[in-house]
Amino acid sequence: MTVRGMKGQGVKGRGAGGRGWAGLILAGLLVGCVPAPLRAQPDAQLSVSAAPATPAARPVTGEQGLYRLPGPGALRVQSDRAAFLTSVVLPATGGALVQPTVRVEAGVPVTAALPGTRGFTQVFTVASLEPLDLGGAAGARSVTEVSRAVEAAAARLPRGAYTVATTVYRVEPLGTLRVSASPAGAQVSVNGRPVGAAPVTLTDLPEGSVTVGVSLGGYQPFTQRVSVQADTTTEVAATLRPVTGTLTVRSDVPASVFVEGRAVGQTPLDLPARPGVFPVNVVPADRTLKAQNLLVRVNASRVTALVCSVTGDGYRCEVR
């Protein structure tokens, strides 16, 4: 996440969606709570922008501004006037690091190295029309301490001679998730987000638990909660079970049962069957009784009962 120090403008940021909201909310709080000396100065005579020089990871879980250890490596900074730029890096654990001051020309982007960090990291890029000695911020344990150092260093400058851009990102060890399915081609989701057809390999996932879903028409959905570990590939193998119903055939006389022309057993019979409409033949052992030929609908996850009995007018089967 990047915040620009703009001449005559306030703080701006970017939004996000999905599971990344939590990280963005925290990042927004980190930016929004900084003291005035570390914000974009409303009367500044210059503007500055700063953003990580390398793209962030794009995990399917939706986190924004997330980088694999050791971090983005560098900032890309630019000023609309010739200026002196100094970045103060404040890791989550404190101990601010003051990067070497660089001089930039108007509108010419430069890259400034960033040290490796872990967790949420704030970078305050101070742009000034005259060199600033920000050595007093070195080792600062909090935003307040960094603010005091910047305020003290800028006190001798004319009004509007400096401004600040804030960059917030998160650095974590990331893991990989590999999902396979039988049969192949099933659709995979992670935390409810579609990620493709199995087999699929997903990289750049932060440590923690995720819910893996696998689905395919005609099969029961598969769900599993797994823990993603740093620098490790977590394997999920989903064996999908067909969606079935049950066809029950009962007869008060012995009978053979045929489904789609195939013998499936003798009554009494309980037969798992895929959903659909099937021709069912019930042939009594007593050849004086007439065989019954029916079309029977089997519904998923339900019992369809076919009951056959001898009545005064012969042998009859009906679905109940």
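Numbers at a glance
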read-out: The stretch 41-143: relative contact order in percent, alpha carbon pairs under 8 Å with at least 6 residues between; value: 31 percent
read-out: In degrees, nearest ten, helix 143-154 long axis to first principal axis of the chain (Cα); value: 30 degrees
read-out: Candidates Asp43, Asp204, Asp252: whichever shows maximal mean-square fluctuation once the chain is modelled as a Gaussian network with Cα springs under 10 Å; value: Asp252
read-out: Helical mean residue ellipticity (222 nm; -39500 (n - 2.57) per DSSP H run of 4+; nearest 500) of the chain; value: -2500 deg cm²/dmol
read-out: Relative contact order of the chain, defined on C-alpha pairs under 8 angstrom at six or more residues apart (%); value: 14 percent
read-out: Separation of the Thr93 and Asp231 label points, Cα + 7 Å toward Cβ, nm; value: 1.5 nm
read-out: Among (i) 1.38; (ii) 0.96; (iii) 1.27, the entry that matches Rg/Rh (Cα atoms, Kirkwood Rh) as calculated here; value: (i)
read-out: Carbon and sulfur %, accessible surface of the chain computed with the full protein complex present, 1.4 Å; value: 52 percent
read-out: For the chain, Cys with no neighbouring Cys Cβ under 4.7 Å; value: Cys33
read-out: On Cα atoms only, tilt of 21-32 relative to the major axis of the chain in degrees; value: 10 degrees
read-out: Radius 13 Å from Cβ of Val143, net charge of other residues (Lys, Arg +1; Asp, Glu -1); value: +1
read-out: 5 angstrom amide H check on Asp204, placed H, neighbours 5+ away; value: Gly175
read-out: Residue range of the chain that is longest and free of GluC sites (Glu not before Pro) which are both DSSP loop and sparsely packed (at most 15 other C-beta within 10 Å); value: 1-104
read-out: Per residue value of the accessible surface for the stretch 79-162 (all protein chains in place, 1.4 Å probe), Å²; value: 45 Å²
read-out: Shape call, the stretch 176-233: gyration tensor on alpha carbons, a/c limit 1.5; value: prolate
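The values are calculated or read from the model by the stated rules, or taken from the named source; none is laboratory data. Keep in mind that what you see is a predicted model, and the values were worked out from it rather than measured. In this analysis, Cβ positions are derived from the backbone assuming ideal geometry, glycine residues included, and neighbour counts consider all displayed protein chains. Remember, those area values only see protein heavy atoms, side chains included, never the ligands or the DNA or RNA. Shrake-Rupley method; radii C 1.70, N 1.55, O 1.52, S 1.80 Å.
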